[in-house]
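Each remark here refers to the structure printed beneath this line.
The values are calculated or read from the model by the stated rules, or taken from the named source; none is laboratory data. These numbers were taken from a predicted model, which means no experiment stands behind them. Don't worry about glycine lacking a Cβ; one is built from the backbone with ideal geometry, like all the others, and counts go over all protein chains shown. Each accessible area value is taken on the protein alone, full model and side chains, heavy atoms only, with ligands, DNA and RNA left out. Shrake-Rupley method; radii C 1.70, N 1.55, O 1.52, S 1.80 Å.
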Amino acid sequence: MKEMTKRERVERTLNLQETDRVPVYDLLYNDAVIKYFTGKVPPPGEEGLKITCEAISKMLDMTRSVTGPSEPKAYRREDGLVIRQERWTSWIEEKPFKDEEGAKRWLIESIERLKKTDVEEMAKRYMSYFKKVLDYVGDTVVLHAQTGTGLDELRHSLGIEIFSYLSVDEPELISEYLDAYTDLQVRFIHKIADRNLSPCALTYGDIAAKERLLHSPQWLRREFFPRLKRLNDAWHEHNIKCLFHSDGYIMDVIPDLIETGIDGLNPIETIAGMDLREVKRLYGDKLFIAGGIDVSQLLSNGTPEEVEEVCREAIKVAYPGYFIGSTTELDNGAKLENVLKMLEVAWNTRFK
């Protein structure tokens with residue numbers, strides 16, 4: 001089979017068709033890998049973004065969440081949360097509430113902020129950054145904006161304990177927040193969707209942990225899946241496919257996810273109990289698959305020989321319709337030699 005462009009390889013994989021080789025999809029936050037491909041460790045700021053994008057252009061067929069490292073700093077958001085940034089990561093350092101009653105007031109204010117958000121300005125800022133990234137990464141396909149229902153953001157902001165209490169004590173308030181967040185995301189999608197820029201977007205919701213769901217299937221069917229369907233439907237109106245992302249063990253609800261209109265599944269977190277072979281066997285005629293190469297243990301602590309064996313088996317069982325990649329992202333925990341071995345297997349496994 002003749003050499004394909006990255007876009008051709010990606011498009012055919014999205015459509016479960018054969019390709020010249022398996023495409024590579026990942027997120028790149030690894031200084032050693034970036035230095036290997038560019039000769040430079042990316043500094044914070046615009047230059048770091050350019051250097052990171054140069055590495056992405058040399059190693060990945062498809063990616064998302066493209067960013068360079070951040071300056072170490074803390075800042076207070078409009079909603080009162082204090083965020084601490086450290087190079088490739090960030091976390092909540094301080095919250096403007098300490099108990100359920102305070103969180104309830106914060107939640108009511110957050111709903112009003114969502115309803116008043118200027119989606120035109122939001123889309124303008126996003127498109128300016130997205131087009132800059134596309135220029136920097138060359139022919140690598142970058143997924144359109146990540147769009148979610150607000151579940152991850154709310155659970156993270158409140159913390160799992162207060163979120164759980166409010167889900168029981170104030171279920172209507174939780175639903176109102178998720179509605180406001182999803183409404184904003186749907187309006188945003190219709191402002192930015194452009195298949196010429198990318199044939200695929202990411203919809204998401206981390207709904208699972210190791211070997212089990214974070215929420216009951218009944219709760220997900222009431223609060224999560226209908227809103228996820230709205231996002232997928234919005235992207236589909238623009239002929240853009242949807243790769244759904246959730247960490248953890250989600251086998252029990254994949255049929256529900258398919259009903260929402262997802263086209264692909266990521267990251268197939270094997271250490272959480274997901275099995276790439278089984279996902280392909282059951283749903284490979286309906287979904288493309290991205291991920292499946294464990295980063296928490298294999299890419300971080302394994303040997304290149306072990307990585308090669310797992311990657312060859314993954315391609316054997318999941319191709320076609322498979323993007324090889326880590327089970328979420330290539331962070332600084334992943335060994336350079338192991339990442340290079342994954343790329344080597346992908347690049348050298350050719351199909352006639």
List the pairs whose first member sits in the stretch 88-116 and is in contact (Cβ under 8 Å) with a residue 40 or more places away in the chain and in a loop (DSSP other than H, G, I, E, B), whose second member is surrounded by 15 or more Cβ atoms within 10 Å (Cβ to Cβ) and among the charged types (D, E, K, R), and whose Cβ atoms are under 7 Å apart, counting only residues at least 6 apart or on separate chains? 88/331
Return yes or no: is residue 111 surrounded by 14 or more Cβ atoms within 10 Å (Cβ to Cβ) and either within 30 Å of residue 339 (Cβ to Cβ) or not aliphatic (A, V, I, L, M) (or both)? no
Condition check for residue 228: in contact (Cβ under 8 Å) with a residue 60 or more places away in the chain and touching a Ser or Thr at 6+ places or on another chain (Cβ under 7 Å): yes
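Rundown of residues vs (1) in contact with a helix residue (DSSP H, G or I) (Cβ under 6 Å, 6 or more places away or on another chain); (2) touching a residue at least 24 places away in the same chain (Cβ under 8 Å); (3) open to solvent by less than 30 Å² (accessible area, probe 1.4 Å), yes/no style:
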position	(1), (2), (3)
284	no, yes, yes
291	no, yes, yes
300	no, yes, yes
308	yes, yes, no
318	yes, yes, yes
333	yes, yes, no
346	no, yes, yes
Restricting to the stretch 15-43, and then to whatever is touching a Gly at 6+ places or on another chain (Cβ under 7 Å) and in contact (Cβ under 8 Å) with a residue 40 or more places away in the chain, can you tell me which residue is farthest from residue 129 (Cα to Cα)? 16
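Go over the candidates 123, 74 one by one and state the one that is surrounded by fewer than 15 Cβ atoms within 10 Å (Cβ to Cβ), at pLDDT 95 or above and in contact with a Lys or Arg (Cβ under 6 Å, 6 or more places away or on another chain).
Working: 123 fails: surrounded by fewer than 15 Cβ atoms within 10 Å (Cβ to Cβ).
Matching residue, one of 123, 74: 74.
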Quick check, is residue 102 open to solvent by less than 50 Å² (accessible area, probe 1.4 Å) and either at pLDDT below 95 or at positive phi (or both)? no
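Filter the stretch 323-352 down to residues that are within 23 Å of residue 29 (Cβ to Cβ) and among the aromatic types (Phe, Trp, Tyr), then give me how many there are.
To start, the set of residues in the stretch 323-352 that are within 23 Å of residue 29 (Cβ to Cβ) comprises 323-347.
Checking the rest, the ones that are also among the aromatic types (Phe, Trp, Tyr) come to 323, 347.
Of the residues in the stretch 323-352, 2 are within 23 Å of residue 29 (Cβ to Cβ) and among the aromatic types (Phe, Trp, Tyr).
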Within the stretch 191-206, residues open to solvent by less than 40 Å² (accessible area, probe 1.4 Å), in a loop (DSSP other than H, G, I, E, B) and closer than 15 Å to residue 63 by Cβ come out as 198, 199
Residue 263 vs. criteria within 26 Å of residue 222 (Cβ to Cβ) and in contact with a Cys (Cβ under 7 Å, 6 or more places away or on another chain): yes
Could you tell me how many of the residues in the stretch 321-345 are within 21 Å of the chain's Cα centre (by Cα) and more than 14 Å from residue 267 (Cβ to Cβ)? 5
Looking for something open to solvent by less than 10 Å² (accessible area, probe 1.4 Å) and outside any helix (DSSP H, G or I) - is there at least one such residue anywhere in the stretch 163-173? no
Determine which member of the set 158, 151, 134 is surrounded by 15 or more Cβ atoms within 10 Å (Cβ to Cβ) and either within 16 Å of residue 65 (Cα to Cα) or out of contact with any Lys or Arg (no Cβ under 9 Å at 6 or more places or on another chain) (or both). 134
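Residue by residue, here is whether (1) open to solvent by 10 Å² or more (accessible area, probe 1.4 Å); (2) within 28 Å of residue 113 (Cβ to Cβ) holds:
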site	(1), (2)
35	yes, no
57	yes, no
62	no, no
65	yes, yes
70	yes, yes
84	yes, yes
Tally, over the stretch 229-244, of residues that are in contact with a strand residue (DSSP E or B) (Cβ under 6 Å, 6 or more places away or on another chain) and either crowded, with 24+ Cβ neighbours inside 10 Å or outside any loop (DSSP other than H, G, I, E, B) (or both): 7
Qualifying positions in the stretch 174-190 - of a type in the set (Ser, Thr, Tyr) and surrounded by fewer than 19 Cβ atoms within 10 Å (Cβ to Cβ): 175
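Report whether or not residue 156 is farther than 22 Å from residue 15 by Cβ and assigned to a helix (DSSP H, G or I).
Yes; evaluated as a whole, the condition is true for this residue.
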